[in-house]
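What follows is a single structure, written as structure tokens, with notes after it.
The values are calculated or read from the model by the stated rules, or taken from the named source; none is laboratory data. This structure is a prediction, so every number in the text was calculated from the model and none was measured. Cβ sites come from the backbone with ideal geometry, for glycine too, and all protein chains shown count toward neighbours.
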Amino acid sequence: MGLMKSINIKTQNESYDVIIERGLLARVGELLSARLKSRRALLVCDDVTESLYAGIVASSLKKSGFDVATFAFPHGEASKTWSTAGSILEAATGANLARSDFFISLGGGVCGDLTGFAAAVYLRGLPFVQIPTTLLAAVDASVGGKTGVDLGTGKNLAGAFHQPSCVLFDPDVIKSLPATQIDEGKAEIIKHAVLAGGRLYQLCASGSLLDDIEEVAALNVAIKRDYVVADPCDTGCRQLLNFGHTIGHAIEKCSRYTISHGQAVAMGMVAETKTFIKLYNEKSEILRIIKSLLEKNSIKFDIPYTAQELTQAALHDKKISYGNLNIIAPLGIGNCQLRRLPVSRLGEYIEGGL
Ligand SMILES: NC(=O)c1ccc[n+]([C@@H]2O[C@H](COP(=O)([O-])OP(=O)(O)OC[C@H]3O[C@@H](n4cnc5c(N)ncnc54)[C@H](O)[C@@H]3O)[C@@H](O)[C@H]2O)c1
Ligand SMILES: [Zn+2]
């Protein structure tokens, strides 16, 4: 068993730890009995994480005296709905969860968002624990307290801010992930590296991102924490985490979600950098650096859509509010700023990125 890494996150009213340790799944019971008073929980997973990891987690919980029921839903983004959230709530009543009890998410970002949302509304709010099992969930989705579901009209359109009571990440779970799912995580890691620079940037630049997943996860959690703590409700600097996402979301939409989020964010980062340099007449090496970060990590970034197609799609994005568009200005590695652009210039903004 490796060394335990622990990162503390303090938001306005809450404080929680992200614990990273190889082999941790077998110690979930022990780790939670020290942190939560209740001994009753609903363990939520998808069918894949249920068959891979629910057994080891549930038996560890039972060994530590927890009364645990399990609920599994079919894997995939298509399950991130009101209907699945409703089924989780019904399962919670079936398991007699009371005010003092808690939820556990064992899975990727879909499971975490759903479980966190159910926990936020069940009996008007119960604690929940995140056990991320994808690289993306470990480095991004499990931290920050955004929870929610998709609506027929768009992704993540309903939800709540609800911080977890703790996040437990076992890097060994990454071994069972398919390569395409690893790339999902890599794109957000490279985004964090551009925003924060430092050691994570060096690791991305050397292409050895996955040599030490514990270290990479810890660096990412610390970077995301700094934004979340500074701006828990996403009204200011946390929006820097949307780098690559304005154009990225438009690409996902245009592809009818056949281009994955991570792929689209990689394309979006390159396009948003290119257009920023054009619009603001910057002379900067940053575009070349970002492209080389992606190339080093074998992530493609050519966009297969026209500016018109992307602009149509982007106009429906929830992050575009009234008169102005928040765009990210990548001035350099570790040096990004928010700028405002009138929505009337959206077409020009997107065209400059292609
Ligand atoms: N709340 C946030 O701040 C935040 C941030 C980023 C993304 N998200 C959300 O996260 C979701 C994407 O997360 P994701 O990429 O983890 O998707 P996911 O949860 O659907 O997991 C991807 C696939 O991997 C499988 N899987 C999970 N763990 C596995 C393992 N260890 N081995 C093998 N297979 C495994 C799952 O069954 C699923 O089929 C999106 O809905 C997105 O909106 C939320
Ligand atoms: Zn993202």
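General observations
- Condition check for D234: touching a Gly at 6+ places or on another chain (Cβ under 6 Å), more than 20 Å from E21 (Cα to Cα), within 16 Å of ligand 2 (Cβ to nearest atom) and of a type in the set (D, E): no
- When S142, S165 are checked against the criterion of being within 17 Å of I19 (Cβ to Cβ) and more than 14 Å from the chain's Cα centre (by Cα), a single residue qualifies: S165.
- Within region 15-27, tally of residues that are touching a Leu at 6+ places or on another chain (Cβ under 7 Å) and in a helix (DSSP H, G or I): 1
- Residues of region 257-272 that are of a type outside the set (G, A, S) and either touching a Gly at 6+ places or on another chain (Cβ under 8 Å) or within 16 Å of ligand 2 (Cβ to nearest atom) (or both): Y257, I259, H261, Q263, V265, M267, M269, V270, E272.
- Any hit, region 78-92, residues being within 23 Å of N220 (Cβ to Cβ) and out of contact with any Cys (no Cβ under 6 Å at 6 or more places or on another chain): yes
- Those residues of region 309-346 which are at pLDDT below 95, in a helix (DSSP H, G or I) and out of contact with any Lys or Arg (no Cβ under 6 Å at 6 or more places or on another chain), in sequence order: T311, Q312, A314, V343, S344, R345, L346
- Filtered residue count, region 28-69, keeping only those that are under 24 Å from the mean Cα position of the chain (by Cα) and either buried (at least 19 other Cβ atoms within 10 Å of the Cβ) or in a helix (DSSP H, G or I) (or both): 18
- Boolean, E252 is in a helix (DSSP H, G or I), farther than 18 Å from S298 by Cα and within 12 Å of ligand 1 (Cβ to nearest atom): yes
- Candidate set: region 115-137, residues that are part of a helix (DSSP H, G or I) and within 9 Å of ligand 1 (Cβ to nearest atom); chosen: the one surrounded by the most Cβ atoms within 10 Å (Cβ to Cβ): L135
- A Cβ distance below 8 Å, combined with a sequence gap of six or more or placement on separate chains, defines the contacts here; from region 128-148, residues that are in contact (Cβ under 8 Å) with a residue 24 or more places away in the chain and within 12 Å of I174 (Cα to Cα) reach residues that are assigned to a loop (DSSP other than H, G, I, E, B) and within 15 Å of ligand 2 (Cβ to nearest atom) in the pairs P132/G108; P132/S142; T133/G108; T134/G108; L136/G108; A137/G108.
- Candidate set from region 146-179 (those that are within 16 Å of ligand 2 (Cβ to nearest atom) and modelled with pLDDT of 95 or more); member that is surrounded by the fewest Cβ atoms within 10 Å (Cβ to Cβ): G159
So that you can scan it fast, the table gives a plain yes or no per residue for (1) over 19 Å from G109 (Cβ atoms); (2) surrounded by 21 or more Cβ atoms within 10 Å (Cβ to Cβ); (3) of a type in the set (V, I, T); (4) within 12 Å of ligand 1 (Cβ to nearest atom):
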position: A217; (1), (2), (3), (4): no, yes, no, no
position: K224; (1), (2), (3), (4): no, yes, no, yes
position: Y257; (1), (2), (3), (4): no, no, no, yes
position: T273; (1), (2), (3), (4): yes, yes, yes, no
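- Restricting V265, V229 to those that are more than 12 Å from ligand 1 (Cβ to nearest atom), assigned to a helix (DSSP H, G or I) and of a type outside the set (S, T, Y) reduces the list to V229.
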